[in-house]
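Right, one structure below, let's go through it.
The values are calculated or read from the model by the stated rules, or taken from the named source; none is laboratory data. Predicted model, so just to flag it, every value in this text is computed and none were measured. Heads up, the Cβs are rebuilt from the backbone with ideal geometry, glycines too, and the neighbour counts pull from every protein chain shown. Heavy atoms of the whole protein, side chains included, go into the accessibility calculation; ligands, DNA and RNA do not. Shrake-Rupley method; radii C 1.70, N 1.55, O 1.52, S 1.80 Å.
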Amino acid sequence: MNWREHIAVEPNICHGQACLIGTRVLVSVVLDNLAAHVPPDEIMRSYPSVTPEGIDACIAYAAELARERVVTLPPSSAHAL
């Protein structure tokens, strides 16, 4: 999946936030919905301009961002020995 075919960051569109090309649907909105366990078909009903490929592109975009940047997290009490 080449997410670059589906996602753009343009300073004059959505205040420069990543969005699906041809829409004003932010990648973060799609990812927030997926994180909340909203099924893809429900996301597409709520945002008719979003396609299955667009949802996949959002996931691929997030995966690439996760590979590029490491965010230090505090130790979890669940992992403490």
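Note that region 41-58 has calculated 3J(HN,Hα) couplings of 5, 6, 4, 5, 5, 6, 10, x, 7, 7, 10, x, 5, x, 5, 4, 5, 4 Hz, one per residue in order, obtained from phi through the Karplus relation 6.51 cos²θ - 1.76 cosθ + 1.60 (θ = phi - 60°); glycine and proline are x.
For the chain, the dipole from Cβ point charges (+1 on Lys and Arg, -1 on Asp and Glu) about the Cα centre works out to 180 debye, to the nearest 20. Taking all protein chains together and a 1.4 Å probe, the residues ILE55, ILE13 rank ILE13, ILE55 from largest to smallest accessible area.
Solvent exposure of region 1-61, expressed per residue, is 62 Å² of accessible area, with all protein chains present and a 1.4 angstrom probe.
For region 1-71, the square roots of the Cα gyration tensor eigenvalues, ordered a ≥ b ≥ c, give a/c of at least 1.5 with a/b no greater than b/c, which places it in the oblate category.
Under the simplified labelling scheme, the LEU34-GLU64 pair shows an inter-label distance of 1.3 nm, with each label point 7 Å from Cα along Cα→Cβ. Accessible-area rank, largest first, for TYR47, TYR61: TYR47, TYR61, with all protein chains present and a 1.4 angstrom probe. Under a 5 Å amide H cut-off, with hydrogens placed 1.01 Å from N, VAL25 pairs with LEU20 among residues at least 5 apart or on other chains. To put it simply, the accessible area of the chain at a 1.4 Å probe is 57 percent carbon and sulfur. Amide hydrogen proximity for ILE7: with H placed 1.01 Å from N in the peptide plane, the residues at 5 or more positions away or on another chain lying under 5 Å are ILE21.
Counted by Cβ distance under 15 Å from LEU20, the other residues give a net charge of -3, where Lys and Arg count +1 and Asp and Glu count -1. Computed with a 1.4 Å probe over protein heavy atoms only, the accessible area of GLU42 comes to about 80 Å².
Counting only heavy atoms of the protein chains and using a 1.4 Å probe, LEU73 has close to 130 Å² of accessible surface.
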